[in-house]
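In what follows, a single structure is set out as structure tokens and then discussed.
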Amino acid sequence: MYVNKSEEQGPFRGGSLDSVNPANEEKQHNNEASTFGEHQDNRTVSTGRPTSSKRDVSTIIFSLKNEVGGLIKALRLFQEKHVNLVHIESRKSKRRNSDFEIFVDCDTDNEQLKELTQLLREHTDIVEITPSENFTIPEDDMAVPWFPQKISELDLSANRVLMYGSELDADHPGFKDNMYRKRRTYFADLAMSYKLGDPILRVDFTSEEVRTWGVVYRELNKLYPGHACKEYLKNLPLLTKYCNYSEDNIPQLEDVSHFLKGALSWSWV
């Protein structure tokens, strides 16, 4: 989003931050980046065009995953648009521990800034843009952005949402479990391929998954009589009868959806 230059420019101003040099990206992503001193605040990191006093400095903050080569790829976009970097810093993202937020002051004109932000949006998550004081925002950019207004339009943005999906953080219990990662990717791809009006795809569960389900199913059934509400106790036998809920079978969502639609005129989708 755009904010006024007169406002406080994001979370980086006044805080303790790491300095990032594009040549040392590997160190930065291993938390070994050096710290900018006061005498270094105006250091220019050139990406292809000399600084001009007639041009204006704009600020962009974007986030990157903590992975090798990520920062270099992002900075290459600045080089492609011949945008000169005046100052660059990084810090751990406050939104996701696995991400870094990159703070960039760049020497650019209005047209370059618009083209650059369009490119960055395709490859990074832009947190904030602070244009120069002379930057004019087109009327089209001030309008309300498109958003889904009916359920079928969610299909247009399903693959563009911020989510974990098949990706795992390094501290996730299943991060080193290749079989778990493979199955997680399978389920994520299955979900992303769904479109409104399609039958819910049936899943072929592995024998290990069915065994795990069986253990959980048996243990929970021991607890239901003393802990579940009366509505749950009333409807569980119906799910067992019509949706094949059992310790040796994981129910399919399409079967449950059909049952709910017949019993309550309500379905999953």
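The values are calculated or read from the model by the stated rules, or taken from the named source; none is laboratory data. Given the structure is predicted, the values throughout are model-derived calculations rather than measurements. Cβ coordinates were reconstructed from backbone atoms using ideal geometry, including for glycine residues, and neighbour counts include every protein chain displayed.
Within the stretch 61-80, being surrounded by fewer than 21 Cβ atoms within 10 Å (Cβ to Cβ) and without any contact (Cβ under 8 Å) to a residue 40 or more places away in the chain holds for LYS65, ASN66, GLU67, ARG76, GLN79, GLU80.
Does ARG91 meet the test of being surrounded by fewer than 22 Cβ atoms within 10 Å (Cβ to Cβ), assigned by the TED database to the domain that holds GLU67 and assigned to a strand (DSSP E or B)? The answer is yes for ARG91.
Within the stretch 205-251, the set of residues being closer than 20 Å to PHE187 by Cα and not in a helix (DSSP H, G or I) comprises PHE205, THR206, ASN249, ILE250, PRO251. Close Cβ contacts (under 8 Å, 6 or more residues apart or on different chains) running from residues in the stretch 229-253 that are more than 20 Å from ARG218 (Cβ to Cβ) to residues that are assigned to a helix (DSSP H, G or I) comprise TYR242/ASP255; TYR242/PHE259. Hey, can you tell me all the residues within the stretch 57-72 that are within 13 Å of VAL83 (Cβ to Cβ) and in contact with an Asp or Glu (Cβ under 7 Å, 6 or more places away or on another chain)? Within the stretch 57-72, VAL57, THR59 meet the criteria. Evaluate the stretch 195-208: report whether one residue or more is modelled with pLDDT under 85 and out of contact with any helix residue (DSSP H, G or I) (no Cβ under 6 Å at 6 or more places or on another chain). Yes, there is a match, as at least one residue in the stretch 195-208 is modelled with pLDDT under 85 and out of contact with any helix residue (DSSP H, G or I) (no Cβ under 6 Å at 6 or more places or on another chain).
Quick check on my filter: what residues within the stretch 197-246 are of a type in the set (Phe, Trp, Tyr) and surrounded by 13 or more Cβ atoms within 10 Å (Cβ to Cβ)?
Scanning the stretch 197-246 gives PHE205, TRP213, TYR217, TYR242, TYR245.
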